[in-house]
Amino acid sequence: MDRAAIIGVGMTKIEKNKVRDTFADMAWEAVNKALDDAGMTIDDIDNVITTSSDFWDGRTISCMAVGDASGAAHKNVSCVEGDGTYGAFYGMTRSLSGSYKTTLVTGHSKGSQSVSSLITNCSFDPIYERGLGMDMVTACAMQANAYMNRTKTTAEQMAMVSVKNHGNAMKNPLAQLPMKLAVSDVLKSEMVADPLHKLDCSPVSDGCAAVIIAHESVASKFKQKPVWLKGVSFCADSFFFGDRDISRAKSLAQAAKKAYAMAGIKDPKKEIDVAEVYDAFTYQELMWLEEMGLADDSTAGKLLEKGEFNIDGRLPVNASGGLLSGHPIIAAGLYEMAAVVRQIRGDAGGFQVRKANTGLVHGVNGLGGQSHCVWILGKDK
Amino acid sequence: MADQFKGIDPMVYNSKINVPYSWWAGDTASRFFISLRDEKKIIATRCGTCRKTFLPPRKSCPTCFTENTEWVNVSDEGTVLSFTVARRKFAAIPADRKMPVIWALIRLEGADTALLHYLDDVKPEDVKIGMRVKAVFAEERKATIRDISHFKPVR
């Protein structure tokens with residue numbers, strides 16, 4: 001199979017309220033930063049994928065409103081609704097299709113402009129479930145209880161994820177919530193929905209991220225060192241919450257296995273050097289690590305206590321600060337991807353890890369991780 | 001250039017998206033809701049291939065990709081698989097619900113999947129995964145999921 005690489009990344013700072021920027025303004029900033037990073041001009045881009053969500057954007061066909069500011073005029077532009085990692089998947093397939101060579105992929109959202117509880121309530125089935133009034137926070141709280149009950153993970157271990165990631169964010173100028181916290185700060189923060197405290201939850205955020213994906217024939221033509229897309233897969237579980245064992249993420253285990261096989265990874269625990277995983281809530285970082293085989297079942301909390309997932313640990317996880325430190329829905333997966341690209345290039349700045357030849361990026365779609373997308377990125381082709 | 005936002009609130013365009021929208025409940029959900037309303041019975045669909053019973057009922061089996069042709073009665077009693085207690089009054093919570101609201105995933109006897117619903121008549125600290133609960137039907141029923149008022153512990 002032909003190969004593709006990421007040759008440029010650009011992100012806005014993640015903020016609580018981007019009062020100066022419209023969606024298009026955010027795209028303009030992220031796209032220009034990605035072009036600068038790659039050493040390209042917009043004329044070097046031959047097609048564009050935008051990633052957004054109509055409900056979050058408060059309009060229909062939201063993807064079409066950012067095309068102009070993304071340089072999509074006169075180019076083939078298409079869109080994905082879902083996390084940015086899925087937009088990148090579509091972007092990669094286009095770069096490998098033979099029709100295009102360089103794909104610009106963007107993802108944006110603003111949590112600040114709506115009421116997240118009402119928006120995420122609308123992802124429940126309208127006939128059977130929506131009227132009960134659950135939302136993303138309460139759904140994930142229910143999943144956290146199921147996960148804690150099965151694995152005996154403790155509230156303190158979950159709080160340590162928050163302490164670690166907010167602490168890492170102090171080294172990342174793009175993060176919204178850099179904070180030096182103690183476990184007791186997390187446990188004393190407001191209980192929003194048992195067992196999740198306020199500091200177990202990611203904040204409401206605004207932001208836009210862009211990545212440029214190139215076919216191997218042009219990947220080295222520009223300024224930047226290519227970071228190779230070595231493996232990718234996404235899998236989905238049942239829509240209805242009650243059809244799944246919500247203490248597990250079967251589709252994530254499947255997606256990770258396929259991505260590892262594609263990348264030729266036999267022992268992910270040894271071969272993955274750095275990972276950015278979808279920590280919308282503290283328990284998720286631990287649960288996702290176990291499902292991806294990066295920690296044995298029911299052990300991620302204990303490994304975290306030992307410091308294995310610290311920035312200087314065996315496997316640094318969310319060295320950028322993760323989504324707990326800034327969570328622009330949809331754009332989130334592209335921020336993670338950009339963080340891992342920078343690690344592999346060796347230009348992650350203050351949150352650079354020691355060794356980063358192979359990195360993992362994980363994105364999520366749907367309530368409580370109905371669907372998961374796993375990427376393996378590498379320094380070597 | 002002077003900062004145009006200095007000392008003033010940033011400009012916003014306030015609006016509200018309010019589009020009337022009706023979902024046709026369809027054959028399957030209508031039958032389920034009519035059974036709740038008129039008979040206070042919880043019914044589910046069953047896959048003829050794998051014999052799995054689905055609640056809430058739906059027309060096709062996601063595993064076998066075949067049509068669920070059979071209807072079965074399921075018990076109004078079951079087991080709590082997980083739960084949460086909302087301490088904050090989230091905007092999606094219906095106005096008539098008293099805080100704190102407890103939701104649970106409940107697997108009723110006779111069903112292979114779990115139903116999302118409320119728990120009530122119980123203190124939040126007494127709710128446990130694995131506890132037995134029973135459906136309490138609403139006095140006034142309108143053929144919606146809230147024809148079941150809530151589930152309460154089996155004493």
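The values are calculated or read from the model by the stated rules, or taken from the named source; none is laboratory data. Computed from a predicted structure; not experimentally measured. Glycine gets a Cβ as well: all are built from the backbone with ideal geometry, and neighbour counts include every protein chain shown.
Laid out as a table, the results:
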read-out	value
Residue among B:83, B:90 that is assigned to a loop (DSSP other than H, G, I, E, B), within 25 Å of residue A:247 (Cβ to Cβ) and within 12 Å of another protein chain (Cβ to nearest Cβ)	B:90
Region A:346-381: number of residues that are aliphatic (A, V, I, L, M), more than 30 Å from residue A:240 (Cα to Cα) and not in a loop (DSSP other than H, G, I, E, B)	1
Output for region A:232-249, where each listed residue is closer than 27 Å to residue A:91 by Cβ and either charged (D, E, K, R) or outside the structural domain of residue A:347 (by TED's automatic domain parsing) (or both)	A:237
Region B:93-110: number of residues that are more than 9 Å from chain A (Cβ to nearest Cβ) and either modelled with pLDDT under 95 or outside any strand (DSSP E or B) (or both)	6
Qualifying positions in region A:116-162 - facing chain B (nearest Cβ under 9 Å) and acidic (Asp, Glu)	A:125, A:129, A:135
Residue in region B:117-138 that is in contact (Cβ under 8 Å) with a residue 24 or more places away in the chain, within 17 Å of residue B:56 (Cβ to Cβ), part of a loop (DSSP other than H, G, I, E, B) and not β-branched (Val, Ile, Thr) present	no
Residues that are part of a loop (DSSP other than H, G, I, E, B) and surrounded by 14 or more Cβ atoms within 10 Å (Cβ to Cβ), drawn from region B:1-40	B:25, B:40
Total residues in region A:42-71, condition more than 21 Å from residue A:335 (Cα to Cα) and either part of a loop (DSSP other than H, G, I, E, B) or assigned by TED's automatic domain parsing to the domain that holds residue A:366 (or both)	5
Residues satisfying the stated conditions in region B:45-79, i.e. closer than 24 Å to residue A:247 by Cα, more than 10 Å from chain A (Cβ to nearest Cβ) and either touching a helix residue (DSSP H, G or I) at 6+ places or on another chain (Cβ under 8 Å) or outside any loop (DSSP other than H, G, I, E, B) (or both)	B:53, B:77, B:78, B:79
Within region A:90-115, considering residues that are assigned to a loop (DSSP other than H, G, I, E, B) and under 23 Å from the mean Cα position of the chain (by Cα), the one farthest from the other protein chains (Cβ to nearest Cβ)	A:96
Out of A:224, A:254, A:284, sole residue that is surrounded by fewer than 24 Cβ atoms within 10 Å (Cβ to Cβ), modelled with pLDDT of 95 or more, polar (S, T, N, Q) and under 30 Å from residue A:130 (Cβ atoms)	A:254
Restricting region A:273-322 to residues that are β-branched (Val, Ile, Thr) and under 17 Å from the mean Cα position of the chain (by Cα), the residue that is nearest to residue A:375 (Cα to Cα)	A:277
Residue within region B:122-144 that is facing another protein chain (nearest Cβ under 7 Å) and farther than 20 Å from residue A:146 by Cβ present	yes
Cross-chain or 6+ apart pairs with Cβ under 9 Å, region B:4-28 first and within 10 Å of another protein chain (Cβ to nearest Cβ), then hydroxyl-bearing (Ser, Thr, Tyr) and surrounded by 10 or more Cβ atoms within 10 Å (Cβ to Cβ)	B:17/A:114; B:24/B:30; B:28/B:45
So residue A:192, is it surrounded by fewer than 22 Cβ atoms within 10 Å (Cβ to Cβ), within 13 Å of chain B (Cβ to nearest Cβ), touching a residue at least 24 places away in the same chain (Cβ under 8 Å) and closer than 20 Å to residue B:102 by Cα	yes
Residues within region A:210-257 that are among the basic types (Lys, Arg) and within 19 Å of residue A:340 (Cα to Cα), tallied	3
Those residues of region A:197-253 which are over 21 Å from the mean Cα position of the chain (by Cα), within 23 Å of residue A:102 (Cβ to Cβ) and touching a residue at least 40 places away in the same chain (Cβ under 8 Å), in sequence order	A:215, A:216, A:217, A:218, A:219, A:222, A:223, A:224, A:225
